[in-house]
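The values are calculated or read from the model by the stated rules, or taken from the named source; none is laboratory data. All figures in this text were calculated on a predicted structure; none of them were measured in a lab. Every residue, glycine among them, receives a Cβ derived from its backbone with ideal geometry; neighbour counts consider all protein chains shown. Calculation scope for accessible area: heavy atoms of the full protein, side chains included, ligands and nucleic acids excluded. Shrake-Rupley method; radii C 1.70, N 1.55, O 1.52, S 1.80 Å.
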Amino acid sequence: MSFTDILLLMFGAILVENFIFSKFYGCCPFLGVSEKPDTALGMGMAVTFVMTLSGAATWAVYHFLLKPFGLEYLKTVAFILVIAALVQFIEMFLRKFIPALYASLGIYLPLITTNCAVLSAALLAIQNEYSFVSAVAFGFASALGFTLAIVVFAGVRGKMEFSKPPRAFRGFPITLIAAGLLAMAFAGFSGIRL
Amino acid sequence: MKGFLKQLKEGILDNNPTLVQLLGMCPTLATTTSVKNAIGMGLAATVVLIFSNLFISLLRKFIPKQVRIAAFIVIISGFVTMVELLMKAFVYSLYQSLGIFIPLIVVNCIILARAEAYASKNKVLPSAVDGLAMGLGFTFALILVATVREIVGNGTFMGLSLFGDGYAPALLFIMPAGAFLTLGFVIAAVQKIRNMGQDKERMEKLSKLEEEAEKEETV
C-alpha cells in the first residue's frame, strides 16, 4: 500500500464516509456534547487521541492474540475491554504526567469507552482487512471527521440559541433537524469516487 | 400481574428509552431504513437487554462498586456475541443488512443505562421484566421511525409496494439526512402529545380560577 492510498483512505474517512453524517457512529456524544465549540473541540480531541491509539491496540490484539488461537468470534468482547483499559490507562497517564491536558480532556475520557465511534473504527479496520498502518490512519482520520462534524455542529447550535422554534420542537427535535440539514450538505461529498 | 403491565407501559410509552429518555440514538438513526431491519435490530437489543439485566441483577451483590461498569460491559458484550453468532447462523440476510450495528449493541447506552439505573439495584424478576419493557419500547420507537422512512423514502411497507409503479419515492428519507429529519419530527410529535396533557391540566386550572374569580365578583 503506497502513501497516496493512505491519503485517499484518510480523505474518504474524513469527508465522504463521515462517521456522524453518513454512518451514524458516535451520535450520542455528537448530540450531547455539542452545545459550545470549545467543549466540542475538547471532546473531539479526546476522541482522536483514544481512537488513534485504540486503532493500533485492537489491531495488535486481533492479529497477535485472537487470530493465532482461532478466537476471532470473541473480537467484540476483547475490543471493548482493550478500549476500556486503554481509556483508563490514558486517564491515569495524563493525570500523572500532563496535568494541563488532563484538565482540558479529563472529563470527556470516561464517556469515550461507550462511544460507539471508537469500537466501530476498530471493528471496521478488521472487517476491511487493513494493514497496521492503514488501521491507525483510518482510526485517526475517522476521528478527525468526527471532530470536524461536532465542532461545525456546535457552531450551528450556537446560532440556534437565538431562534424561537415552536414549543414542541424546542430542545432535542430542532437539534436533530439542524443535524439533518448538515447531513444534507455532507451528502454532497458522497458523489466523490475514490 | 398488575405490576408487570405497569412496567410494560412505563417502558413502551411513559418512559420510552428512545423517544422520551433520548438514549440509543445511533441504532435509531442507522437501522431504520426499512421496517424489517428495525424489527430485527429492536428484537436483538431486547434479547440482550433481558439477559444482561437478569444476570447483572443476579450478580449485583458480588460485583464490587469500583469496577461495576467494566463488569457490566463484559456481561453485556458476552450476550451480544451470543446474539451475533445466533443471527449469523439462523437469519443470515438480516445479519448482513444490520452489519456492524449488531456488535455495536455493546455500546448502546440504553443497555448500560438500565444496568446501572435498574438491574444493579432491583430483584431478578423485575429486572428481567424491565429489560423486556425497555427493549419493546426501543423496538416500538425503531418501527415508528422506520415506517415513516420506508413509506416516504421507498414507497413500501415491509417490502410491499404501497403506491404502485407510478410513485417516485423521496430518496432523501432513506439517506442519512432523512434519518435525522424523521427522528426530529417524530420526537417533536411525542413532545407535542406530552405537552397536550400538561396544557389540558393548565387550562382546567385556569378555567377553575376564572370561575372562582367570577363568583367572587358576583358576590
Accessible area per residue of chain A at 1.4 Å probe, in Å²? 47 Å²
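How would B:167, A:108, B:118 rank on accessible area, largest to smallest, probe 1.4 Å?
Numbers: B:167 75, A:108 20, B:118 45 Å².
Ranked list, largest accessible area first: B:167, B:118, A:108.
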Reported to the nearest 10 Å², residue B:208 has, with a 1.4 Å probe, an accessible area equal to 140 Å²
Using each residue's phi in the range B:180-191, evaluate 6.51 cos²θ - 1.76 cosθ + 1.60 at θ = phi - 60° and report the 3J(HN,Hα) Karplus result to the nearest Hz, with x for Gly and Pro. 4, 4, 4, 4, x, 5, 5, 5, 4, 4, 4, 5
Report the paramagnetic label zone for residue A:39: residues of the range B:10-31 whose backbone N is under 20 Å from a point 7 Å from Cα along the Cα-to-Cβ axis. B:21-26
Under the rule of at least 5 residues apart or a separate chain, name every residue whose amide H is placed under 5 Å from the amide H of residue B:23. B:18
Given backbone amide H placed at 1.01 Å from N, residues whose amide H is under 5 Å from that of residue A:26, ignoring those fewer than 5 places away on the same chain, are A:116, A:117
Whole Å is fine, so just give me how far the alpha carbon centre of the range A:29-88 lies from that of the range A:152-184. 29 Å
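Counting only protein chains, not ligands or nucleic acids, how are B:217, B:211 ordered by accessible area (probe 1.4 Å), most first?
Numbers: B:217 155, B:211 115 Å².
Result, largest first: B:217, B:211.
Per the 1.4 Å probe, what fraction of the accessible area of the protein assembly as shown, in percent, lies on carbon and sulfur atoms? Display every interim value, and only then the final one.
Details: 13990 of 20500 Å².
Here it works out to 68 percent.
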With runs of 4+ DSSP H residues as the only contributors, calculate the mean residue ellipticity of chain A at 222 nm using -39,500 (n - 2.57) per run, divided by the residue total and rounded to the nearest 500. -22000 deg cm²/dmol
Per residue in the range A:151-181, which ones lose no less than 40 Å² of accessible surface when going from chain alone to all protein chains (1.4 Å probe)? A:167, A:168, A:169, A:172, A:173, A:176, A:177
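Enter the accessible area per residue of the range B:5-55 (Å², integer; probe 1.4 Å; all protein chains in place).
Working: 1770 Å² over 51 residues.
It amounts to 35 Å² per residue over the range B:5-55.
Tell me the total accessible area that A and B bury against each other, 1.4 angstrom probe, in square angstrom rounded to 100. Intermediate results must be reported in sequence, preceding the final value.
On the way: alone 10610 and 13030 Å², together 20500 Å².
Its buried surface, counting both partners, is about 3100 Å².
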Once both labels are modelled 7 Å past Cα along the beta-carbon direction, what's the residue B:4-residue A:92 spacing in nm? 4.7 nm
What do you reckon, how do A:79, B:101, B:62 stack up by accessible area (1.4 Å probe), largest on top? B:62, B:101, A:79
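Under the definition of Cα pairs under 8 Å and six or more residues apart, what whole-number percent is the relative contact order of chain A? Mind showing how you got there, number by number?
Values: 210 pairs, mean separation 82.2, N = 194.
For chain A, the relative contact order is 42 percent.
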Taking beta carbons within 10 Å but only from partner chains, what does the mean come to for residues A:105-117? 3
For a quick check: with amide H placed at 1.01 Å from N, whose amide H comes under 5 Å from residue B:157's, ignoring anything fewer than 5 positions away on the same chain? B:162
